[in-house]
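Worksheet for the structure shown next.
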Amino acid sequence: MSRTIKSTTHSKELVTGVAKLLSDITHKHSDVQLKVGGKIFHCHKLILAMKSPYFEHKLFPSTSAAAAAAAAGNEQIVLNDVSADGFDKVLEFMYTGQTELSDQNVEHILRAADLMKLTELTTFCVDYLTDRVSADTCPRYWKLAEQMNLDTLALSCKRLCVKEFGNIRCLSVLSSLSEKMMRELLEDDELVVESEVDVCETLMKWFN
């Protein structure tokens, strides 16, 4: 005789326990530190590796030589390409499955999520930015989307830039667009512009 039993509290307890790891000020269970912009974050290898392919590869490499090197020197990992601004929100999402995006932190979170291959968080950030695209933000967001190969966001920004060209052509950020982006903008058949003079002036300002 046998009987299969199933806990009714296991999932909730596990999720709650993982979330508590991040807020534990004693760091007694922490086994790896992340150094981001000079700030230290006390973390846990297993959680990082489970949530992020980037950390799975970095903390638990497949080759024995790489694994030995990781074991010898993984007490602290320096993330040079990530800003400390908003990084606590990235960890919060990894440990709890939720966090708060804002106009101030979303771009920092997006870059970190992209580096760490956090697909779901990246999607949330892109959706947030897409909803926030306006005449004031579309040139900057378009440039960001091009740099990170975010096609959906790039298309949304381009469409608004084409529609709101008369309002955005004087923005200083427009001059930071790449040659490819500027050509796509000015050559678009649906570009809303009062005269060719405006196009020429915008192009000269971009050149300078």
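The values are calculated or read from the model by the stated rules, or taken from the named source; none is laboratory data. Since the model is a prediction, treat every value here as computed from it, not as a measurement. Reconstructed Cβ throughout: ideal geometry from the backbone, glycine too, with neighbour counts over all protein chains shown.
Which of the residues belonging to the range 77-89 are assigned to a loop (DSSP other than H, G, I, E, B) and in contact with a strand residue (DSSP E or B) (Cβ under 6 Å, 6 or more places away or on another chain)?
If the condition is that a residue be assigned to a loop (DSSP other than H, G, I, E, B) and in contact with a strand residue (DSSP E or B) (Cβ under 6 Å, 6 or more places away or on another chain), then L79, V82, A84 are the ones that fit.
Being part of a loop (DSSP other than H, G, I, E, B), among the charged types (D, E, K, R), surrounded by fewer than 20 Cβ atoms within 10 Å (Cβ to Cβ) and under 13 Å from the mean Cα position of the chain (by Cα), is that true of even one residue in the range 170-190? Break it down into steps so the answer makes sense when it comes.
At the first step, the residues of the range 170-190 found to be part of a loop (DSSP other than H, G, I, E, B) are 170-171, 177-178, 188-190.
Now drop any that are not among the charged types (D, E, K, R), which leaves 188-190.
Pick out the ones that are also surrounded by fewer than 20 Cβ atoms within 10 Å (Cβ to Cβ) and you get 188-190.
Those still in the list that are under 13 Å from the mean Cα position of the chain (by Cα) too: none.
No: zero hits.
Tally time: how many residues in the range 95-111 are in a helix (DSSP H, G or I) and of a type in the set (D, E, K, R)?
Summing the residues that are in a helix (DSSP H, G or I) and of a type in the set (D, E, K, R) in the range 95-111 gives 2.
If you scan the range 147-157, which residues turn out to be surrounded by fewer than 20 Cβ atoms within 10 Å (Cβ to Cβ) and not hydrophobic (A, V, I, L, M, F, W, C)? It would help to see each step written out before you state the result.
Going residue by residue through the range 147-157, those that are surrounded by fewer than 20 Cβ atoms within 10 Å (Cβ to Cβ) are 147-149, 151-152, 155.
Selection gives Q147, N149, D151, T152.
Might you check whether a residue that is polar (S, T, N, Q), assigned to a loop (DSSP other than H, G, I, E, B), more than 30 Å from S11 (Cβ to Cβ) and over 15 Å from the mean Cα position of the chain (by Cα) occurs anywhere in the range 134-153?
Here is the first cut: in the range 134-153, the ones polar (S, T, N, Q) are 134, 137, 147, 149, 152.
Then keep just the ones that are assigned to a loop (DSSP other than H, G, I, E, B); that gives 134, 137, 149.
Still in the running and more than 30 Å from S11 (Cβ to Cβ): 134, 137, 149.
Subset that is over 15 Å from the mean Cα position of the chain (by Cα): 134, 137.
Looking for residues that are polar (S, T, N, Q), assigned to a loop (DSSP other than H, G, I, E, B), more than 30 Å from S11 (Cβ to Cβ) and over 15 Å from the mean Cα position of the chain (by Cα), one finds at least one in the range 134-153, hence yes.
Before we move on, is E92 part of a helix (DSSP H, G or I), over 21 Å from F60 (Cα atoms) and either over 13 Å from the mean Cα position of the chain (by Cα) or of a type in the set (D, E, K, R) (or both)? Spell out how you get there, then give the answer.
Numbers: part of a helix (DSSP H, G or I): yes; over 21 Å from F60 (Cα atoms): yes; either over 13 Å from the mean Cα position of the chain (by Cα) or of a type in the set (D, E, K, R) (or both): yes.
Spelling it out, E92 is indeed part of a helix (DSSP H, G or I), over 21 Å from F60 (Cα atoms) and either over 13 Å from the mean Cα position of the chain (by Cα) or of a type in the set (D, E, K, R) (or both).
Let's see how each residue does on (1) surrounded by 13 or more Cβ atoms within 10 Å (Cβ to Cβ); (2) under 20 Å from T119 (Cα atoms); (3) of a type in the set (D, E, K, R); (4) at pLDDT 90 or above:
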site	(1), (2), (3), (4)
T9	no, no, no, yes
T26	no, no, no, yes
T63	no, no, no, no
A70	yes, no, no, no
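Quick one: would you say Y54 is surrounded by 12 or more Cβ atoms within 10 Å (Cβ to Cβ), in contact with a helix residue (DSSP H, G or I) (Cβ under 6 Å, 6 or more places away or on another chain) and at pLDDT 90 or above?
no
I need a count of the residues in the range 117-133 that are outside any helix (DSSP H, G or I) and either aromatic (F, W, Y) or surrounded by 15 or more Cβ atoms within 10 Å (Cβ to Cβ) (or both).
Residues in the range 117-133 being outside any helix (DSSP H, G or I) and either aromatic (F, W, Y) or surrounded by 15 or more Cβ atoms within 10 Å (Cβ to Cβ) (or both): 3 in total.
Whether any residue in the range 96-111 is surrounded by fewer than 20 Cβ atoms within 10 Å (Cβ to Cβ) and more than 30 Å from Q33 (Cα to Cα) is what I want to check.
There is no residue in the range 96-111 that is surrounded by fewer than 20 Cβ atoms within 10 Å (Cβ to Cβ) and more than 30 Å from Q33 (Cα to Cα).
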